[in-house]
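Structure first, commentary second.
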Amino acid sequence: MTASIAATPSATPRAGHLRPLASIPASAPARSVRLAAQQEGQLQVHTAPFRGSFSGVFSQALRSAGLGSRVLVSQFLKGGVDQGLDRSVWLCGRLQWLRPAVAGCLAEPMPASQADAAAVREVWEYTREQLLGGQLDQLVLDELGLAVELGYLAEAEVVSALEQRPSNLDVILTGPSMPTALLAMADQVTQLRRGF
């Protein structure tokens, strides 16, 4: 690619007489401009005063996986399918869907049972490892804020892990409760409401 600089005419040329263009001298080094897109991940929060903000986010995660992104969806308080790490579900070959191995959905403050607490902790440990490992493109953390509020996870530990996330990782937090510290970290906060 060559670049030319048009000479600024001092007078308007007559019809049929064009002034020559001044070209860049041959001694000037050729410059190649390369624009490299630098992907920057976002921390998004989708919250609502009711449980139910997950379905829209899940469809977005599924679409991302279908387009080739590596996605992890961790639901911290959803149970009833006795899933756990060993039986996580894979969709589109690139989306891992993980729930704790608990008998039902957890809605009560800790301690529910030691087994329930350990199952939530197991999901968190694996999720944190994946979050910090740098292999994910998108991470969905469903009811993370409620897991903190109910005492299953320590807020300081969650905040610390999210602060250390790779810069290209998109993280989406969903749920009816979100600690102020997590809201303060967010690039985008979406609040779902009913009755308008």
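Quick note: the coordinates plus some simple rules give every number you see, no bench work behind them. From a predicted model like this one, the values you see are computed outputs, not experimental measurements. Here the Cβ positions follow ideal geometry from the backbone for every residue, glycine too, while neighbour counts run over all protein chains shown.
Observations
- Taking amide H as placed 1.01 Å from N in the peptide plane, the amide H of LEU173 sits under 5 Å from that of GLN44, VAL45, HIS46, LEU141, each at least 5 places away or on another chain.
- Protection proxy ranking, peptides 87-97, 152-162, 65-75, 170-180, average beta carbon neighbours within 10 Å, highest first: 170-180, 65-75, 152-162, 87-97
- The length gained by stretching the chain between ALA103 and GLN135 to full extension, at 0.36 nm per residue less their Cα-Cα distance, is 8.5 nm.
- Packing order of peptides 184-194, 138-148, 123-133, highest average first: 138-148, 123-133, 184-194 (average count of other Cβ atoms within 10 Å over each peptide's residues).
- Using C-alpha pairs under 8 Å with a sequence gap of at least 6, the mean separation divided by the residue count of the stretch 56-196 gives a relative contact order of 24 percent.
- Full extension of the segment from SER160 to SER113, taken as 0.36 nm per residue of separation minus the current Cα-Cα distance, would add 14.3 nm.
- Residue-span extension gain [GLU122 to SER167] - 0.36 nm each, minus C-alpha spacing: 13.7 nm
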